[in-house]
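Working notes for the structure below.
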Amino acid sequence: MEYKKRIVDDQLDLKLEAFGATSIVGPKGCGKTTSAKQKAKSFIEFQDEEQRENLIAIANTSPSKLLIGEKPRLFDEWQDAPKLWGAIRKSIDDSGENGLYILTGSSSKDVKTPHTGTLRISQLKMYPMSLYESEESNGSVSLMQLFDHPDDFDGCVSSMSIDDIIFAICRGGWPKSLMNTTVRSKLEVAKDLYRQTYSVDIGNIDGVKRNPRWAQAILQSYSRNICTLAETKALYGDVKANFDMGQTAFFAYVQALERLYIIEDIDAWCPAIRSKTAIRASKKRNLIDPSVAVAAMGLSPEYFNRDFKTLGFLFESLCLRDLKIYSAALDGSVSHYHDRYGLEADAVLHLNDGRYALIEFKLGSHEIDDGAKHLNQIEKLVKEYNEKEKQCPMRLPDLKLIITGTQYGYKRDDGVFVIPIGCLKN
């Protein structure tokens with residue numbers, strides 16, 4: 001199958017230009033090895049059963065011998081030979097060169113190394129595919145272009161129907177699912193990843209024996225509360241209602257699922273526009289891909305013909321996944337805003353030059369007015385704050401966006417851009 005270009009490809013080029021080695025991390029099945037092979041000029045795969053024993057024996061006794069080969073040299077499943085880390089670190093120190101090595105491996109195996117890779121081995125995070133990478137979004141609207149030249153926007157049209165969006169949510173951005181040919185086989189990938197996570201990977205991550213039923217219950221609770229500000233005690237209570245699980249164990253399981261890159265909460269944005277007690281600092285609960293939540297809840301695309309409320313939360317998760325991928329390419333980050341007065345922005349996209357966008361996610365067109373009202377109220381709060389704090393004013397939002405599941409994109413009279421998710425790219 002022809003390689004589908006990933007947004008992370010350009011980020012990997014920069015890492016190789018700046019550091020001696022790059023370690024690509026991310027959830028299992030997101031395409032780390034495939035993308036790394038596009039850049040590598042030679043590679044070693046420790047999962048190759050015919051070579052495995054020999055390669056691990058060399059790695060344990062003379063790891064520097066495995067470094068011989070054309071550069072950049074890729075080591076896939078490097079955690080099976082942890083002594084390689086030190087050999088790579090020394091090789092970089094000795095040569096002083098950049099772009100020598102790429103490391104990839106299963107997120108389900110965490111290895112403690114005797115030395116950090118600081119300033120030598122840089123880490124690059126990879127996500128499942130965005131809708132633009134899977135070629136479902138037509139990419140007619142660039143986030144960067146919107147920031148740089150908002151006045152140039154003259155509308156857009158998405159070719160994604162609501163059924164297309166529902167299927168993309170249930171299937172997820174897993175490259176393997178795109179390679180499959182039937183609807184059933186495409187949907188099976190996320191289900192299998194979910195099962196592997198709670199039954200196998202949760203114990204393999206650090207060699208600690210864990211109860212698969214507990215891990216499954218935590219994932220199910222997270223899925224039911226996806227894109228909400230559910231308190232930790234509520235999630236714990238949800239699990240405790242069915243299982244005799246201690247609080248310490250609960251936190252340890254959640255931490256393991258975070259290290260597997262399955263759980264990935266969204267941090268709160270806490271600007272000074274209201275008193276500290278007014279702005280909620282709770283994290284927004286989220287998973288790396290909405291398809292994991294669909295699998296955990298045992299749902300199918302047909303289910304969402306009658307449950308639009310759950311679909312709305314999952315649509316938000318899909319948009320957050322894509323925004324994280326797009327913002328990483330812009331050296332940015334994503335947070336959310338919510339205060340105790342009910343004012344919220346589903347997402348705040350920050351660029352490293354200080355610019356930011358306030359964003360709401362609305363699946364249907366009938367919710368757009370309400371979303372725009374929220375964004376304009378937050379902008380008004382910033383203006384009011386600046387009137388009082390003239391010595392240290394806060395930057396006004398550079399963009400106000402509503403990302404939708406609708407067909408048409410346009411700019412409203414109040415300055416809010418309505419952009420279909422099926423038109424967006426970085």
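Taking θ as phi - 60°, what are the ³J(HN,Hα) couplings along region 165-170 by the Karplus curve (6.51, -1.76, 1.60), each to the nearest whole Hz, with x for Gly and Pro?
Ordered by residue, 3J(HN,Hα) equals 5, 4, 5, 4, 5, 6 Hz.
Given Lys233/Lys324; Lys15/Lys65; Lys191/Lys324; Lys83/Lys284, which pairs have Cα atoms separated by over 31 Å?
Among Lys233/Lys324; Lys15/Lys65; Lys191/Lys324; Lys83/Lys284, the Cα-Cα distance tops 31 Å for Lys83/Lys284.
At a Förster radius of 51 Å, what calculated FRET efficiency corresponds to the Cβ-Cβ distance of Met144 and Ser282, to the nearest 0.05?
So the FRET efficiency works out to roughly 0.95.
Evaluate the relative contact order of region 166-212 (contact order divided by residue number), counting alpha-carbon pairs under 8 angstrom at least 6 apart; express in whole percent.
Rounded, it is 26 percent for region 166-212.
Work out the FRET efficiency for Lys90 and Val208 from their Cβ-Cβ distance, taking R0 = 25 Å, and round it to the nearest 0.05.
Working from the Cβ atoms, E equals 0.20.
Taking the Cα atoms only, what angle lies between the long axis of helix 52-61 and the longest principal axis of the chain, rounded to 10 degrees?
80 degrees
What does the charge count near Ser42 come to, summing +1 for each Lys or Arg and -1 for each Asp or Glu among other residues with Cβ under 13 Å from its Cβ?
With Lys, Arg at +1 and Asp, Glu at -1, the neighbours total +2.
Apply the Karplus curve 6.51 cos²θ - 1.76 cosθ + 1.60, θ = phi - 60°, to the phi angles in region 269-275 and return the couplings in whole Hz, x for Gly and Pro.
Taking θ as phi minus 60°, the curve returns 9, 10, x, 8, 6, 10, 5 Hz for region 269-275.
Where does the charge balance sit around Pro290 when Lys and Arg score +1, Asp and Glu -1, over other residues with C-beta under 10 Å from its C-beta?
0
Got a sec? Charge dipole of region 141-425, +1 on Cβ for Lys and Arg, -1 for Asp and Glu; which of Val254, Ile402, His338 is way out at the positive end?
Checked the options; the winner is Val254.
Taking H as built 1.01 Å from N, whose amide H comes closer than 5 Å to the amide H of Ile402, not counting residues under 5 places away?
Close amide H contacts, sequence-distant or interchain: Glu360, Phe417, Val418, Ile419.
Kirkwood-based Rg over Rh for region 141-425 (C-alpha set), two decimals?
Looking at region 141-425, the ratio lands at 0.98.
Please work out the FRET efficiency for the pair Arg340 and Glu389, using the Cβ-Cβ distance as r and a Förster radius of 35 Å; give the result to the nearest 0.05.
0.95
Given H placed 1.01 Å from N in the peptide plane, which residues other than close sequence neighbours of Gly409 have an amide H under 5 Å from its amide H?
Residues meeting the amide H criterion: Cys156, Val157, Ser158.
Using the Karplus equation 6.51 cos²θ - 1.76 cosθ + 1.60 (θ = phi - 60°), what ³J(HN,Hα) coupling, rounded to whole Hz, does each residue of region 311-324 give in order, writing x for Gly and Pro?
4, x, 5, 5, 4, 4, 4, 4, 5, 5, 4, 5, 4, 5
Tell me, how many Å apart are the Cα centres for region 56-105 and for region 298-360?
Spelled out, the Cα-based centre of one part sits 38 Å from the other.
Taking Cα atoms, how many degrees apart are the long axis of helix 8-18 and the longest axis of the chain, rounded to 10 and kept between 0 and 90?
On a 0 to 90 degree scale, this one is about 60.
With +1 on each Lys and Arg Cβ and -1 on each Asp and Glu Cβ, and nothing else charged, work out how big the dipole of the chain is about its Cα centre, in Debye to the nearest 20.
So the dipole magnitude of the chain works out to roughly 1140 debye.
Quick check on region 8-125: what are the equivalent-ellipsoid semi-axes from the Cα gyration tensor, as sqrt(5λ), descending, whole Å?
Each semi-axis is √(5λ); the values are 19, 17, 14 Å.
Values quoted throughout were computed directly from the atomic coordinates according to the rules given, and no laboratory measurement underlies them. Everything numeric here is computed off the predicted structure, so don't read it as measured data. Glycine also receives a Cβ, built like all others from the backbone with ideal geometry; neighbour counts cover every protein chain displayed.
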